[in-house]
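Contents: one structure, followed by commentary.
The values are calculated or read from the model by the stated rules, or taken from the named source; none is laboratory data. Remember, it's a predicted structure, so these values are computed and weren't measured experimentally. We place every Cβ from the backbone using ideal geometry, glycine too, and count neighbours over all the protein chains shown.
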């Protein structure tokens, strides 16, 4: 069968960062599974470069019999647009193919998918997409079965990605340390932790599954042979979750004398700090940590499973070894006080991560914290994507992002520039912040002399 897989385009303005365009590895696995089964697969990444393949005769030219659309909540408006255009072709008798929608949004909010869509895939899609394409799928709702042995999967279809203008640098993590190209990899699925602001467990489940260390190294070696990669960025929830696998991975690299630099995403706990020197020797240059808060009260409330001391120990240990840390923090979660935010700022100042990104909390569909917002009547506005904004959202955006940010929420549910009030008060606010900063600096100078 001739199959087209495509992603949904990002909105022009969003409260979430949509600028980092790396390989869509989830789709890459689906392409490889289909190609291994003998199907002809085409791929168009509208998230990377929005193109109107529906209006340019692509479907007819290539005899496309099935279109699979990857959808996440931020891009769901474009998913709806794609589906409606495809359905329009079918109603006019110009195309007779199958429409399938998968991805995080389909897993979490399947009820929002239009009724004329033939198949909705929830969860992992490798087995489901084969059933759909090969005519074995029964029923509109396809609950993708977990792949328990990930080593059985083929590599993602990197050959569909390398000729497109994806981000192949380390970016804010370590551009000056790691040359290009850096390929992203995803070597595990599932998260056993219960963070209430996150909806990832609704997609992958809570059981942690991973490629073996030997398979990961084998794939890196192939990427190095085929594409002369300079580094790897492990984009996954918790690369170091298994200390045994992490140690084996590092030891394989060292034993093979395979010198390649890499970055990964992890948690500050559980993290075997004794592994960090080995990771550094094996080429680890930077680690991404989702810290969220410097307040133990908030960390407990959002069930992060860590404490401020865990954050302190992990970041300081990395700093000592020369492993750069990129940390993310949340402000504005339900129940957070000014004292909690001050605790976060104090911790950041104390541990001095290499990079700090502060995000204003937005309630995601499918997350427990969003439901908590609803129960506590903290939702000021819910937009057409189901994202929930608290009454403090604009004030926190103004404080942390500035008046020129395009992440303000408006009464009609649209996201955009600052409302007039914030533009009016911005000069006075900036003046007062500068006075406060200068006063604190002067006080520090005076006390340092005594």
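Of 277, 334, which residue is touching a residue at least 40 places away in the same chain (Cβ under 8 Å) and in contact with a strand residue (DSSP E or B) (Cβ under 8 Å, 6 or more places away or on another chain)?
Result of the check over 277, 334: 334.
Please indicate, with yes or no, whether at least one residue in the range 337-352 is buried (at least 17 other Cβ atoms within 10 Å of the Cβ) and touching a residue at least 60 places away in the same chain (Cβ under 8 Å). Let's see the steps before the verdict.
Step one: filter the range 337-352 for residues buried (at least 17 other Cβ atoms within 10 Å of the Cβ), giving 340-341, 343-344, 347-348, 351.
Still in the list and also touching a residue at least 60 places away in the same chain (Cβ under 8 Å): none.
Checking the range 337-352: not a single residue is buried (at least 17 other Cβ atoms within 10 Å of the Cβ) and touching a residue at least 60 places away in the same chain (Cβ under 8 Å).
Suppose we filter the range 335-370 for residues that are closer than 21 Å to residue 405 by Cβ and either out of contact with any helix residue (DSSP H, G or I) (no Cβ under 9 Å at 6 or more places or on another chain) or outside any loop (DSSP other than H, G, I, E, B) (or both); how many remain?
First, the residues of the range 335-370 that are closer than 21 Å to residue 405 by Cβ: 336, 338, 341, 344-345, 348, 355-364.
Applying the additional criterion that residues be either out of contact with any helix residue (DSSP H, G or I) (no Cβ under 9 Å at 6 or more places or on another chain) or outside any loop (DSSP other than H, G, I, E, B) (or both) yields 338, 341, 344-345, 348, 355-360, 363.
Counting residues in the range 335-370 that are closer than 21 Å to residue 405 by Cβ and either out of contact with any helix residue (DSSP H, G or I) (no Cβ under 9 Å at 6 or more places or on another chain) or outside any loop (DSSP other than H, G, I, E, B) (or both) gives 12.
Suppose we filter 201, 206 for residues that are surrounded by 18 or more Cβ atoms within 10 Å (Cβ to Cβ) and not assigned by TED's automatic domain parsing to the domain that holds residue 39; which single one remains?
201
Determine which member of the set 306, 260, 311, 323 is without any contact (Cβ under 8 Å) to a residue 60 or more places away in the chain, over 23 Å from residue 203 (Cβ atoms), buried (at least 23 other Cβ atoms within 10 Å of the Cβ) and touching a strand residue (DSSP E or B) at 6+ places or on another chain (Cβ under 9 Å). Let's see the steps before the verdict.
Numbers: 306 fails: over 23 Å from residue 203 (Cβ atoms); 260 fails: buried (at least 23 other Cβ atoms within 10 Å of the Cβ); 323 fails: buried (at least 23 other Cβ atoms within 10 Å of the Cβ).
311 is the lone residue from the list that is without any contact (Cβ under 8 Å) to a residue 60 or more places away in the chain, over 23 Å from residue 203 (Cβ atoms), buried (at least 23 other Cβ atoms within 10 Å of the Cβ) and touching a strand residue (DSSP E or B) at 6+ places or on another chain (Cβ under 9 Å).
Any residue at all in the range 396-404 that is modelled with pLDDT of 90 or more, part of a strand (DSSP E or B) and under 24 Å from the mean Cα position of the chain (by Cα)?
No, that holds for no residue.
Can you name the condition, by its number, that residue 135 falls short on among (1) at negative phi; (2) surrounded by fewer than 17 Cβ atoms within 10 Å (Cβ to Cβ)?
Every listed condition holds for residue 135 apart from (1).
Only one of 89, 130 is surrounded by fewer than 22 Cβ atoms within 10 Å (Cβ to Cβ) and in contact (Cβ under 8 Å) with a residue 40 or more places away in the chain; which?
Details: 89 fails: in contact (Cβ under 8 Å) with a residue 40 or more places away in the chain.
Being surrounded by fewer than 22 Cβ atoms within 10 Å (Cβ to Cβ) and in contact (Cβ under 8 Å) with a residue 40 or more places away in the chain holds for just one of 89, 130, which is 130.
Looking only at strands (runs of 3 or more DSSP E) that fall completely inside the range 1-90, which ones have 3 or more residues that are at pLDDT 95 or above and more than 18 Å from residue 124 (Cβ to Cβ)?
So the answer is 2-7, 40-44.
Is there any pair linking a residue in the range 38-56 that is in the same structural domain as residue 86 (by TED's automatic domain parsing) to one that is modelled with pLDDT under 95 and buried (at least 18 other Cβ atoms within 10 Å of the Cβ), with Cβ under 6 Å and at least six apart or on different chains, and which?
Short answer, once both residue conditions are applied: 44/53.
Among the numbered criteria (1) part of a helix (DSSP H, G or I); (2) farther than 20 Å from residue 39 by Cα, which single criterion is violated by residue 162?
Tallying (1) part of a helix (DSSP H, G or I); (2) farther than 20 Å from residue 39 by Cα, residue 162 fails exactly one: (1).
So how many residues does the range 371-382 have that are buried (at least 17 other Cβ atoms within 10 Å of the Cβ) and either at pLDDT below 90 or not in a strand (DSSP E or B) (or both)?
The qualifying residues number 3.
Can you tell me how many residues in the range 197-223 are closer than 15 Å to residue 259 by Cα, in contact with a strand residue (DSSP E or B) (Cβ under 9 Å, 6 or more places away or on another chain) and free of Cβ contacts under 8 Å to residues at least 40 places away in the same chain?
1
Taking residue 393, is it in contact with a strand residue (DSSP E or B) (Cβ under 6 Å, 6 or more places away or on another chain), under 30 Å from residue 319 (Cα atoms) and not assigned by TED's automatic domain parsing to the domain that holds residue 300?
Details: in contact with a strand residue (DSSP E or B) (Cβ under 6 Å, 6 or more places away or on another chain): yes; under 30 Å from residue 319 (Cα atoms): no; not assigned by TED's automatic domain parsing to the domain that holds residue 300: yes.
Spelling it out, it is not the case that residue 393 is in contact with a strand residue (DSSP E or B) (Cβ under 6 Å, 6 or more places away or on another chain), under 30 Å from residue 319 (Cα atoms) and not assigned by TED's automatic domain parsing to the domain that holds residue 300.
Mind checking which residues of the range 411-430 are part of a loop (DSSP other than H, G, I, E, B) and either under 25 Å from the mean Cα position of the chain (by Cα) or surrounded by 17 or more Cβ atoms within 10 Å (Cβ to Cβ) (or both)?
Result: 413, 414, 417, 418.
Kindly establish whether residue 249 is within 14 Å of residue 187 (Cβ to Cβ), buried (at least 20 other Cβ atoms within 10 Å of the Cβ), in contact with a strand residue (DSSP E or B) (Cβ under 8 Å, 6 or more places away or on another chain) and in the same structural domain as residue 314 (by TED's automatic domain parsing). I'd like the intermediate steps shown before the answer.
Working: within 14 Å of residue 187 (Cβ to Cβ): yes; buried (at least 20 other Cβ atoms within 10 Å of the Cβ): yes; in contact with a strand residue (DSSP E or B) (Cβ under 8 Å, 6 or more places away or on another chain): no; in the same structural domain as residue 314 (by TED's automatic domain parsing): yes.
The answer is no for residue 249.
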